[in-house]
Structures are given as C-alpha cells and as structure tokens.
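Some notes on the structure that comes next.
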C-alpha cells in the first residue's frame, strides 16, 4: 500500500509538472497535470485556488472552454484574489464559443462584482457599441439599396416598395439605439457612441 507521504509527494510532483508546463506554454500538458493534481483529493488540494485558477487559464489557452469556465467559476465562488480576472476569462470563453448572451451576462455580472474594473467595463462598452453598430450598418445598407433602386428607376420614393424598405431600416435603427445608450450609460464621454446615437436619431 502506498503511504500518505508518497501520495503527498505525487500530488506535489503533479502540481510542479503542471507549473513547469505552464511556464513553457505547453497548455494541454499543464491542464492535464493540474487536473490530475486537483483530482488527488490530498489535504489542502481543494483549497489550492491558485492551481484552480491556473487550470482554468491553461484550459482557456488549450481551447477547452467549458473546462475553463468551470475552473474560473470555482475561483470566483471561492473568492480567489484573481476573481476579477476570472470573470474576464469566462467572458472570453463564451466569446470564443460565439455565445453572445452569456458573454454579455458574464461581463455585466463581473462589473457588478468589480465596479471599478476598467477592463471589464471597457469590454462591455465595446460589446454594446459593436451590437449597436451592427444594427446601424444593416439599416444603412437597407437605405443604400433602396436609394439605388430609386436611382435605377425601379420605384420612386412615393411607392410602397420604397416605404417598406424604409420601415425595415427604421426597425434596425430602433434595435441599435438601446445598445448605444447602454454604452453611453457606462462611458458618457465616448465620442463614437455619441456620434452613433446622433446618426441613429436622425433616422428615427
């Protein structure tokens, strides 16, 4: 039977090997070593939040996004000192997974927990501006296409077909506006957001 001392040594060895792999940017190996270490159940392992966080970071770098989310969430739940950073990595994971709703929700939760976080606030402002601009661009393209049809003599600005396109564009502008307003609520001095809001309002 293996002694507890030997078990302790193997756990420490796994952690050391994980840290070494992390330093060498061998993230898959680091993740495997950290996971094996955390699974040993040795005394103090469950409270080793630095390694939990490192496992989450390694998982993110290894593109194991669901694992990264789980480890980073544990670091947050256990109030690890790098919890603010953990929120960012969870958000990045959702972005990589193209899960826009959870990306936004994670940033909002992170900002509630760390209202002074410049990084989280910046990412959220960027997100709102991106969403707003996407809808603004769609509206602008609809208007351009409609104007081209008028120029080509397909219909006039008095025709129902043109008015229908105008209506579609207006709906996109309406969707864009709340996103831009949310960006401005977080960053009132943001010139891009102010300009975008003015342009949207001109078309409503």
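The condition of being under 19 Å from residue 124 (Cβ atoms) and touching a helix residue (DSSP H, G or I) at 6+ places or on another chain (Cβ under 7 Å) holds for only one of 107, 31, 49, 22, that being 107. Looking across 86, 113, one residue alone is surrounded by 16 or more Cβ atoms within 10 Å (Cβ to Cβ) and over 30 Å from residue 168 (Cα atoms). It is 86. Might you let me know whether the range 151-161 holds any residue that is surrounded by 14 or more Cβ atoms within 10 Å (Cβ to Cβ) and in a helix (DSSP H, G or I)? No, that holds for no residue. Scanning the range 16-32 for any residue that is surrounded by fewer than 14 Cβ atoms within 10 Å (Cβ to Cβ) and within 24 Å of the chain's Cα centre (by Cα) turns up at least one such residue.
None of the figures in this text is laboratory data; all of them are computed from the coordinates on show. In this text, all values refer to a predicted model and were calculated from it rather than measured experimentally. Cβ coordinates were reconstructed from backbone atoms using ideal geometry, including for glycine residues, and neighbour counts include every protein chain displayed.
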